[in-house]
Amino acid sequence: MRRRGGFTLIEVMIALVILTVALLGTASVTGWFVHTVATSGRSSAASQLAADRIEEVRLQPDYGVLESFAASETGFPSLQGFTRVTQVVHVGGTGMATDYKKITVTVTGPGLTAPVSRTVSVAAP
């Protein structure tokens, strides 16, 4: 009897299993990558919202009106569902050596794994 050239059924099945594992691994990594990119984009946008508010506070020349920044904001056109909360805490007393205000900006929104928070201290002149 003459032997035919080609693959056996076992060889074909092993090749299919290896190919399936490789394709499933690639699909899993691709899904993880897309999720990471989307999450980091939202996190970056939240960080920028907080940094913008901190910059507004730091550019305010009148120390006495910093409390007016304390607010909760929503309705950002490109970031639906995001909320930015600014808190102003006066530490010490007027005329004391430890007279400063601590401003904390916290941004929450859909798709963020944790709220993004930034804090700055502004000393009395």
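Given +1 at the Cβ of Lys and Arg, -1 at the Cβ of Asp and Glu and no other charges, the dipole of the chain around its Cα centre is 920 debye to the nearest 20. Once divided by 2.2 N^0.38 Å, the Cα radius of gyration of the chain becomes 2.04. Descending by average beta-carbon neighbour count within 10 Å, the peptides 20-33, 62-75, 97-110 line up as 97-110, 62-75, 20-33, the highest first.
Sequence-distant contacts, meaning Cα pairs under 8 Å at least 6 residues apart, place the relative contact order of region 9-123 at 22 percent. Per-residue ellipticity at 222 nm from helix content only, as computed over the chain with -39500 (n - 2.57) for each DSSP H run of at least four residues, stands at -15500 deg cm²/dmol.
Rounded to the nearest 0.05, the FRET efficiency derived from the C-beta distance between D62 and S40 at R0 = 25 Å is 0.10. Ordering G93, S68, A15 by Cα displacement along the dipole of region 9-123 toward the positive end leaves G93 in first place; charges were set at the Cβ atoms of Lys, Arg (+1) and Asp, Glu (-1).
No value in this document is a laboratory result; all are computed from the given coordinates. Just so we're clear, the structure is a prediction, and the values are computed from it rather than from any experiment. Neighbour counts are summed over all protein chains in view; Cβ atoms, including those assigned to glycine, are modelled from backbone coordinates with ideal geometry.
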